[in-house]
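Quick notes on the structure that follows.
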Amino acid sequence: MADRMTPEQRHRCMSRIRGRDTKPELVVRRWLWHQGFRYRLYVKSLPGRPDIVMKKWRTVIMVNGCFWHGHECNKRRPSTNAQFWQDKITRNRERDARNQALLQAAGWNVIVIWECQLTAKNRAQTLHTLDLALSRIVLEQNGAAPRRYTPYHQEEDEPSIAAEPAMDYDRPK
């Protein structure tokens, strides 16, 4: 299918798309602020200049556009100059993976939120999931995180420990 716009119109439209202060970012930022989290934006000293940086919790949040970062929900690709767009999106994905690995190696928690996860029907679930992830991070950093359950294996010769004295429940009182 041919492009419905002239090259000049397409150039003008694409040049107006910005990488900062996008609607999905604003949704997440407003929610974070309302929840009491404070953050910085686009910190230059971190790999990839993450969208949202919560230094206190060593957490970064990347709010990615589905088209620009090659999310699997977005199957449509431009038909004009297709090889350019395929290469560009591949480079973006590789850069994102590299930056995430660098951040994690430096001890940062990385949360990625996709544009499609912030649509009206998915927003509540996504923000709830974000709340759970941030709660886990806060608890871990405060040393209050529940330890992962590992079943205790009692040795044969160890006495059994009971929470209450043994009772015969079958006998009537």
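The values are calculated or read from the model by the stated rules, or taken from the named source; none is laboratory data. These figures come from a predicted structure and were not determined experimentally. Using ideal geometry, Cβ is built from the backbone for each residue, glycine included, and neighbour counts are taken over all protein chains shown. Calculation scope for accessible area: heavy atoms of the full protein, side chains included, ligands and nucleic acids excluded. Shrake-Rupley method; radii C 1.70, N 1.55, O 1.52, S 1.80 Å.
Across the range 110-133, which residue is most open to solvent (accessible area, probe 1.4 Å) among those that are among the hydrophobic types (A, V, I, L, M, F, W, C), within 24 Å of Arg58 (Cβ to Cβ) and part of a helix (DSSP H, G or I)?
Within the range 110-133, the subset among the hydrophobic types (A, V, I, L, M, F, W, C) is 110-114, 116, 118, 120, 124, 127, 130, 132-133.
Then drop every residue that is not within 24 Å of Arg58 (Cβ to Cβ), which leaves 110-114, 118, 127, 130, 132-133.
Restricting the remaining residues to those that are part of a helix (DSSP H, G or I) gives 118, 127, 130, 132-133.
Working: Leu118: 10, Leu127: 23, Leu130: 7, Leu132: 100, Ala133: 28 Å².
By that ranking, first place goes to Leu132.
Is it the case, given these coordinates, that Arg12 is surrounded by fewer than 17 Cβ atoms within 10 Å (Cβ to Cβ) and either small (Gly, Ala, Ser) or part of a loop (DSSP other than H, G, I, E, B) (or both)?
no
What are the residues in the range 80-109 that are loosely packed, with under 13 Cβ neighbours inside 10 Å, aliphatic (A, V, I, L, M) and modelled with pLDDT under 95, if any?
Selection gives Ala82 alone.
Can you confirm whether Arg49 is out of contact with any Asp or Glu (no Cβ under 8 Å at 6 or more places or on another chain), farther than 28 Å from Ala120 by Cβ and basic (Lys, Arg)?
yes
Of these, Ile61, Ile137, which one is within 30 Å of Met14 (Cβ to Cβ), in contact with a strand residue (DSSP E or B) (Cβ under 9 Å, 6 or more places away or on another chain) and open to solvent by less than 60 Å² (accessible area, probe 1.4 Å)? If you could, list the steps in order and put the result at the bottom.
Working: Ile137 fails: within 30 Å of Met14 (Cβ to Cβ).
Only one candidate qualifies: Ile61.
Kindly list, by first and then second residue, each pair from a residue in the range 68-88 that is more than 24 Å from Thr22 (Cα to Cα) to a residue that is open to solvent by less than 70 Å² (accessible area, probe 1.4 Å) and not hydrophobic (A, V, I, L, M, F, W, C), limited to pairs with Cβ atoms under 6 Å and residues at least 6 apart or on different chains.
Thr80/Asp3
If a residue must be charged (D, E, K, R) and part of a loop (DSSP other than H, G, I, E, B), how many such residues does the range 17-70 contain? Break it down into steps so the answer makes sense when it comes.
Step one: of the range 17-70, the residues charged (D, E, K, R) are 18, 20-21, 23, 25, 29-30, 38, 40, 44, 49, 51, 55-56, 58.
Retained after the next criterion (residues that are part of a loop (DSSP other than H, G, I, E, B)): 18, 20-21, 38, 44, 49, 51, 58.
Number of matching residues: 8.
Identify, by number, the condition in (1) modelled with pLDDT of 95 or more; (2) more than 27 Å from Arg38 (Cα to Cα) that Arg76 doesn't meet.
Arg76 satisfies all of (1) modelled with pLDDT of 95 or more; (2) more than 27 Å from Arg38 (Cα to Cα) except (1).
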